[in-house]
1. Arrange the following residues from fewest to most other Cβ atoms within 10 Å of their Cβ: D23, D30.
2. Would you list S26, S40 from fewest to most Cβ contacts within 10 Å?
3. Counting other C-beta atoms within 10 Å, which of L18, L24, L60 has the fewest, and how do the rest follow?
4. Taking amide H positions as placed 1.01 Å from N in the peptide plane, with prolines and chain starts having none, which residues 5 or more places from L15, or on another chain, fall under 5 Å of its amide H?
Amino acid sequence: MESNLPLGARAQRALPALQPKIDLDSGRIDGVEALLRWTSAELGAVPPANFIPLAEEIGLIHTIGRWCCGRACEQSIGVAGAKGCRRFRWR
């Protein structure tokens, strides 16, 4: 798995899955959480509990984290635009 991890990040087989955070009082979406998912050509779907500690151990966690944050932001802006949101705030 260690040899696949850098390739997975570079080949963009690791993707953030966006999950809405719901305010329970109002029922409105209050934010979005990005959950990293990685599918390896050799291993199939690799659970975060397996690849996150490995990425930390071999020093790739910051590289993967920066890439994931950028990709999640791109996806969020795309979703906001598709939903006709006029205002998109960063907190």
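1. D23, D30
2. Values: S26 8, S40 17.
Listed from fewest to most nearby Cβ atoms, that is S26, S40.
3. On the way: L18 15, L24 7, L60 18.
Going from sparsest to densest Cβ surroundings: L24, L18, L60.
4. Hits under the 5 Å cutoff: R37, W38, T39.
Bear in mind that the values in this text are calculations on the coordinates, not laboratory data. If you're wondering where the values come from, they're calculated on a predicted model, not measured in any experiment. Every residue, glycine among them, receives a Cβ derived from its backbone with ideal geometry; neighbour counts consider all protein chains shown.
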